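Q: My structure is below; once you've seen it, I'll send some questions.
The values are calculated or read from the model by the stated rules, or taken from the named source; none is laboratory data. In this text the structure is predicted, and so the values were computed from the model without any measurement. Neighbour counts are summed over all protein chains in view; Cβ atoms, including those assigned to glycine, are modelled from backbone coordinates with ideal geometry.
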Amino acid sequence: MNSLINNGGGPGSQPAGRAGNQPTNGADIPPDRAAGFQPEGGAGFQPAPNHEPPEPRVAQLLEELKHRNDELDDFVHIASHDLKEPIRGIRNYANFLIEDYAPLLGEDGLSKLRTIDRLGQRAHDLLSALLYFSQVRRAPLALAPVDTGDLLAEVLRSLHSLIAERAATVAVPQPLPVVRCDRIRIGEVFRALTTNALRYNDSPQPFAEITCDQGTPERPVFCIRDNGIGVPSAHYETIFGIFKRLHARDDYGGGTGSGLAISKRIVERHGGRIWLQSVVGQGSMFYFTVGGA
Amino acid sequence: MPQSNLPIVVIEDSPEDYEAIVRAFLKARVVNPIYRFSYGEDAFDFLRQRGRYFKHDAAEMRPGLIILDLNLPGTDGLKVLQDVRADKNLGAIPVIVLSTSSNQREIEACYKAGANSYVVKPSGAAQFNEAIRRIAEYWLESVTLPSKPESLQIVTPRIEPKADHG
């Protein structure tokens, strides 16, 4: 049952039809969560008599909800996969025109075709992010003890060109613990949070620091702190929505706006949660746990 | 210039992707004959030289390389691959899977079924051309493909093997 609860992207009290893509507070689902699973229209549902425990009904509804979420993810997966083919074709044909008819088209015509190609690339990138987003919920986690210090070092090596380009400093002042998690997925979380810390950063000396507080009673809490542009508190929840961006499309490196949504899914699948504190103009601290996965 | 002049069979249902593949092959100066099929069943009939594809000059038709899309109407690409590998006369032909999908399960299934390469179709003309150029460079220039007469003696034993290709 636990895996069901942690799987659904925190369905919480959302109506069943909207679960799955609504940002919520995290995996900590309140004890009265069952109230959110009443059937649509509610009126036909009578409270169970006292001598009959409610669990079977709740379990059945949870099962239905999980099934619906799986269907929704299948749909997202198939749709985003199938849309890639026509987009590839549009890009290819725009380039055939450029290659075969350049003299007829003139510079203005060529520039418009290059815009078609660029928009096609954007559509492709968004679909790839959507595919990955649906995959994160579908594919089973490969859980094993992971040295998160090693893992982070690996992620930072792969980010070296971004770090160099931004003349940034990334600090890991203390050893990080060994945690049971899916190495590849949690690596994605480190990558997304570190990339954001350096990208959404106007400082002449961008800075990110990754630490882990192991003293909390429940679980280690990882923290990625930066001196970036910060996040207004009104957006603390919404920035975890898929494709949610707080800035114009091409500002701050022009990402797809999927990194935090994917990170949230990954963390919640591990039974953890992700949240932030921030001061606009000074920096942000993103926290996450990986729970008892 | 590719060394092998064996035919290439492209199993691809999208005419647009097929055009992109052919253009990219031409850019890479590939002059090998290319046979295209939209359906896996059709391609398999051609490879087996049966049904409407029966020819007496079958020796000329046996491809050196198969480029295979996965998402085909009817029989899907994975089944075509499995059928090719299970066929004692066709089993040695290299099969390059060229697919939109970057799904790990599909990639693994293809390699398990005996795919020689799995290439995700890139989005973007330059990247697409480069992917095809590399396929041509490696499979038509670097490697030695299985020679045809030996295998073909089993398919059509009455046909005289062609002169030794060395």
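Q: Considering every residue within segment A:197-212, establish whether at least one is within 18 Å of A:ARG273 (Cβ to Cβ), in contact (Cβ under 8 Å) with a residue 60 or more places away in the chain and touching a Ser or Thr at 6+ places or on another chain (Cβ under 6 Å). Steps first, answer last, please.
A: From segment A:197-212, those within 18 Å of A:ARG273 (Cβ to Cβ) are A:210-212; that's our starting set.
After this cut, where a residue has to be in contact (Cβ under 8 Å) with a residue 60 or more places away in the chain as well, the list is A:212.
Now restrict to residues that are touching a Ser or Thr at 6+ places or on another chain (Cβ under 6 Å): none.
No, every residue in segment A:197-212 fails to be within 18 Å of A:ARG273 (Cβ to Cβ), in contact (Cβ under 8 Å) with a residue 60 or more places away in the chain and touching a Ser or Thr at 6+ places or on another chain (Cβ under 6 Å).
Q: Assigned to a loop (DSSP other than H, G, I, E, B) and touching a Ser or Thr at 6+ places or on another chain (Cβ under 9 Å): is that true of A:GLY281 in this structure?
A: no
Q: Here's a follow-up. Please pick out the residue among B:ILE132, B:ILE159 that is at negative phi, at pLDDT 95 or above and of a type outside the set (Asp, Glu).
A: So the residue among B:ILE132, B:ILE159 that is at negative phi, at pLDDT 95 or above and of a type outside the set (Asp, Glu) is B:ILE132.
Q: Sticking with this structure for a sec: Kindly evaluate A:ALA261 against the criterion of being free of Cβ contacts under 8 Å to residues at least 60 places away in the same chain, under 28 Å from A:LEU130 (Cβ atoms) and not aromatic (Phe, Trp, Tyr).
A: So A:ALA261 fails the test.
Q: Tell me, please, whether a residue that is at the interface with chain B (Cβ under 8 Å from one of its Cβ atoms) and either surrounded by 13 or more Cβ atoms within 10 Å (Cβ to Cβ) or of a type in the set (Phe, Trp, Tyr) (or both) can be found in segment A:108-118.
A: Yes: one or more hits.
Q: Turning to a different aspect of this structure: Kindly list the number of the only condition in (1) of a type outside the set (D, E, K, R); (2) closer than 18 Å to B:GLU106 by Cβ; (3) more than 10 Å from chain B (Cβ to nearest Cβ) that fails for A:ALA102.
A: Every listed condition holds for A:ALA102 apart from (2).
Q: Residues in segment A:219-243 that are touching a residue at least 60 places away in the same chain (Cβ under 8 Å) and touching a Ser or Thr at 6+ places or on another chain (Cβ under 9 Å): how many? I'd like the intermediate steps shown before the answer.
A: From segment A:219-243, those touching a residue at least 60 places away in the same chain (Cβ under 8 Å) are A:219-225, A:237-238, A:240-243; that's our starting set.
Still in the list and also touching a Ser or Thr at 6+ places or on another chain (Cβ under 9 Å): A:219-225, A:237, A:240, A:242-243.
Qualifying residue count, segment A:219-243: 11.
Q: So for segment A:173-181 (the condition being touching a Phe, Trp or Tyr at 6+ places or on another chain (Cβ under 7 Å), basic (Lys, Arg), away from chain B (no Cβ under 14 Å) and touching a residue at least 40 places away in the same chain (Cβ under 8 Å)), does at least one residue qualify? Can you show your working first?
A: Taking segment A:173-181 and keeping what is touching a Phe, Trp or Tyr at 6+ places or on another chain (Cβ under 7 Å), we get none.
Within segment A:173-181 (the criterion being touching a Phe, Trp or Tyr at 6+ places or on another chain (Cβ under 7 Å), basic (Lys, Arg), away from chain B (no Cβ under 14 Å) and touching a residue at least 40 places away in the same chain (Cβ under 8 Å)), the answer is no, since none of the residues qualifies.
Q: OK, next. Go through (1) touching a helix residue (DSSP H, G or I) at 6+ places or on another chain (Cβ under 8 Å); (2) within 14 Å of chain A (Cβ to nearest Cβ) one by one and return the number of the condition B:PRO73 breaks.
A: Exception for B:PRO73: condition (1).
Q: Being under 23 Å from A:ARG265 (Cβ atoms) and surrounded by 22 or more Cβ atoms within 10 Å (Cβ to Cβ) is the filter here; which residues of segment A:192-227 pass it?
A: Scanning segment A:192-227 gives A:ALA192, A:LEU193, A:THR194, A:ASN196, A:ALA197, A:LEU198, A:ALA208, A:ILE210, A:PHE222, A:ILE224, A:ASP226.
Q: While we're here: Conditions first: (1) under 13 Å from the mean Cα position of the chain (by Cα); (2) within 14 Å of another protein chain (Cβ to nearest Cβ). B:GLN127 passes all but one, so which condition is the exception?
A: (1)
Q: On to the next question. Looking for whichever is buried (at least 21 other Cβ atoms within 10 Å of the Cβ), within 17 Å of the chain's Cα centre (by Cα) and in a loop (DSSP other than H, G, I, E, B) here; the options are A:VAL231, A:VAL189, A:VAL267. Which one fits? So that I can check it myself, show each step before the final result.
A: Numbers: A:VAL189 fails: in a loop (DSSP other than H, G, I, E, B); A:VAL267 fails: in a loop (DSSP other than H, G, I, E, B).
Checking each option against the conditions leaves just A:VAL231.
Per-residue answers, yes or no, for (1) over 17 Å from B:ASN71 (Cβ atoms); (2) not hydroxyl-bearing (Ser, Thr, Tyr):
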| site | (1), (2) |
| --- | --- |
| A:ASN69 | yes, yes |
| A:ASP74 | no, yes |
| A:ALA79 | no, yes |
| A:PRO86 | no, yes |
| A:ILE90 | yes, yes |
| A:ALA94 | yes, yes |
| A:SER111 | yes, no |
| A:HIS124 | no, yes |
| A:LEU131 | no, yes |
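Q: Right, next: Does B:LEU26 fit the bill of being of a type outside the set (D, E, K, R), within 14 Å of chain A (Cβ to nearest Cβ) and either at positive phi or in contact with an Asp or Glu (Cβ under 7 Å, 6 or more places away or on another chain) (or both)? If you could, list the steps in order and put the result at the bottom.
A: Numbers: of a type outside the set (D, E, K, R): yes; within 14 Å of chain A (Cβ to nearest Cβ): yes; either at positive phi or in contact with an Asp or Glu (Cβ under 7 Å, 6 or more places away or on another chain) (or both): no.
Considered against the rule, which asks whether it is of a type outside the set (D, E, K, R), within 14 Å of chain A (Cβ to nearest Cβ) and either at positive phi or in contact with an Asp or Glu (Cβ under 7 Å, 6 or more places away or on another chain) (or both), B:LEU26 comes out as no.
Q: Something else now. Within segment A:134-186, how many residues turn out to be under 22 Å from A:ARG225 (Cβ atoms), assigned to a helix (DSSP H, G or I) and of a type in the set (A, V, I, L, M)?
A: Number of matching residues: 9.
Q: If the Cβ limit is 6 Å and pairs must be 6+ apart or interchain, which residue in segment A:71-90 that is more than 10 Å from chain B (Cβ to nearest Cβ) and touching a residue at least 12 places away in the same chain (Cβ under 8 Å) pairs with which residue that is among the small types (Gly, Ala, Ser) and not in a helix (DSSP H, G or I)?
A: A:LEU72/A:GLY20
Q: Now a separate question. Being farther than 29 Å from A:TYR287 by Cα and either of a type in the set (Val, Ile, Thr) or at pLDDT 55 or above (or both) narrows it down to one of A:ASP74, A:ASP70, so name that one.
A: Among A:ASP74, A:ASP70, only A:ASP74 is farther than 29 Å from A:TYR287 by Cα and either of a type in the set (Val, Ile, Thr) or at pLDDT 55 or above (or both).
Q: Now a separate question. Which condition number does B:GLU108 fail, the rest of (1) within 14 Å of chain A (Cβ to nearest Cβ); (2) in a loop (DSSP other than H, G, I, E, B) being met?
A: (2)
Q: Can you tell me which residue is surrounded by the fewest Cβ atoms within 10 Å (Cβ to Cβ) among those in segment B:82-104 that are within 14 Å of chain A (Cβ to nearest Cβ) and more than 15 Å from the chain's Cα centre (by Cα)?
A: Checking each candidate, the answer is B:GLN104.
Q: A further question on this structure: Quick check on B:ASP87: is it more than 28 Å from A:ASP82 (Cα to Cα) and not basic (Lys, Arg)?
A: yes
Q: Going by what's in this entry, would B:ALA115 be described as of a type outside the set (Asp, Glu), modelled with pLDDT of 90 or more, out of contact with any Ser or Thr (no Cβ under 8 Å at 6 or more places or on another chain) and farther than 28 Å from B:LYS55 by Cβ?
A: So B:ALA115 fails the test.
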